[in-house]
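One structure below.
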Amino acid sequence: MSPLSVTVEIGGVPIGGGSPPALIAGPCVLESESLALECAAAIREASEATGMKAVFKSSYDKANRSSVSSPRGPGLSKGLDILAAVREASGLPVLSDIHSPGEAGPSSEVLDALQIPAFLCRQTDLLQAAGRTGKPVNVKKGQFLAPQDMGNVVEKLREAGCRQILLTERGSSFGYHNLICDMRSLVLMRETGCPIVFDATHSVQAPGGLGDRSDGDRRMVGPLARAAAGVGVDAFFIECHPHPDEALSDGPNMISLDSLTPLLKSLADIDAARLKWEES
């Protein structure tokens, strides 16, 4: 992996430009302020233990749940209040998804970066509203897109004046209720000139696999993350929870808080070995 000419900064956390890999982590959805603070404290502890700088991520609204009866989160106003409290208490920058152009302005007043969900990654109005805020934008690659297609997404953001762009690989649809990860995507998306993030937890999701909600296999988070570290990425996206099996969203593919530090240590070791090999 060659160093990039661009560095994206999220609340002082550098991503890309040859910086060591960063971490984007948190529970899938905001369940309560207390749980968010618990997760943020554990993420900060893991960050300090491994030297991997961290950004806190959690969604204030999961607008694409499988079932209309599934929990969606606290909503825009309350969710932003919680995220502001997380940043104040933990010192971590905060990131969350937006789902409509109208959310871009209010969200940008609190968030250090905006995220575009995979299902919405081609929505021009949404992308450009996010791009015009002046905040960094992380775009999840749609499960239905080839990695080369993300070049068009980047152009939409750049046309709106955005230069602080991250692209995230989160798996590709492979038949029904299944995703696979093609590691070539990490190389191909890098040709856009944007830093690349690997989403290790959504990549092991089984969309709609439980009928009214998604399934997943968290056993595969570590192997896939380590494979991505071997290829070389600029950040890892890892959703985590104190008790994943009790989580309100995406529990089957989240990892526990106590498994975060050992995983990050293994990723840092692999990245260091990769750098040594590239320099030899």
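The values are calculated or read from the model by the stated rules, or taken from the named source; none is laboratory data. The shown structure was predicted, so the numbers you read here are calculated from the model rather than taken from an experiment. Note that each Cβ is placed from the backbone with ideal geometry, even for glycine, and that neighbours are counted across all protein chains shown.
Only one of Ala272, Ala227 is in a helix (DSSP H, G or I), at negative phi, in contact (Cβ under 8 Å) with a residue 24 or more places away in the chain and among the hydrophobic types (A, V, I, L, M, F, W, C). Can you tell me which?
Ala227
If you take the residues of region 131-153 that are of a type in the set (A, V, I, L, M, F, W, C) and closer than 25 Å to Val110 by Cβ, which of them is surrounded by the fewest Cβ atoms within 10 Å (Cβ to Cβ)?
Residue satisfying both the conditions and the ranking: Val153.
Take residues that are within 30 Å of Gly232 (Cβ to Cβ) and in contact with a helix residue (DSSP H, G or I) (Cβ under 9 Å, 6 or more places away or on another chain) and tell me which of the helices (runs of 4 or more DSSP H) falling wholly in region 64-170 contain 3 or more.
Helices (runs of 4 or more DSSP H) meeting the threshold: 76-90, 124-131, 150-159.
Does Arg65 satisfy being modelled with pLDDT under 95 and either of a type outside the set (Phe, Trp, Tyr) or buried (at least 16 other Cβ atoms within 10 Å of the Cβ) (or both)?
So Arg65 passes the test.
Scan (1) buried (at least 17 other Cβ atoms within 10 Å of the Cβ); (2) among the hydrophobic types (A, V, I, L, M, F, W, C); (3) assigned to a loop (DSSP other than H, G, I, E, B) for the single condition Phe56 breaks and write down its number.
Status for Phe56: all satisfied but (3).
Within region 204-237, restricting attention to residues that are farther than 20 Å from Lys265 by Cα and among the small types (Gly, Ala, Ser), which residue is surrounded by the most Cβ atoms within 10 Å (Cβ to Cβ)?
Gly216
For (1) farther than 20 Å from Ala40 by Cα; (2) among the aromatic types (Phe, Trp, Tyr); (3) in contact with a helix residue (DSSP H, G or I) (Cβ under 8 Å, 6 or more places away or on another chain), each residue gets a yes or a no:
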site	(1), (2), (3)
Phe174	yes, yes, no
Ile180	yes, no, no
Met189	yes, no, yes
Ser203	yes, no, yes
Leu224	yes, no, yes
Glu239	no, no, yes
Pro244	no, no, yes
Asp250	no, no, yes
Thr261	no, no, yes
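What about Val197, is it modelled with pLDDT of 95 or more, closer than 20 Å to Met52 by Cα and in contact with an Asp or Glu (Cβ under 7 Å, 6 or more places away or on another chain)?
yes
Pull up region 116-130, narrow it to residues that are more than 15 Å from the chain's Cα centre (by Cα) and buried (at least 24 other Cβ atoms within 10 Å of the Cβ), then point me to the one that is farthest from Gln164 (Cα to Cα).
So, considering only residues that are more than 15 Å from the chain's Cα centre (by Cα) and buried (at least 24 other Cβ atoms within 10 Å of the Cβ), the one farthest from Gln164 (Cα to Cα) is Leu127.
Looking at this structure, is Ala113 buried (at least 24 other Cβ atoms within 10 Å of the Cβ), in contact with a Pro (Cβ under 7 Å, 6 or more places away or on another chain) and of a type in the set (Gly, Ala, Ser)?
Criteria met by Ala113.
What number of residues within region 171-181 are surrounded by fewer than 19 Cβ atoms within 10 Å (Cβ to Cβ) and either assigned to a loop (DSSP other than H, G, I, E, B) or of a type in the set (Val, Ile, Thr) (or both)?
Result for region 171-181: 6.
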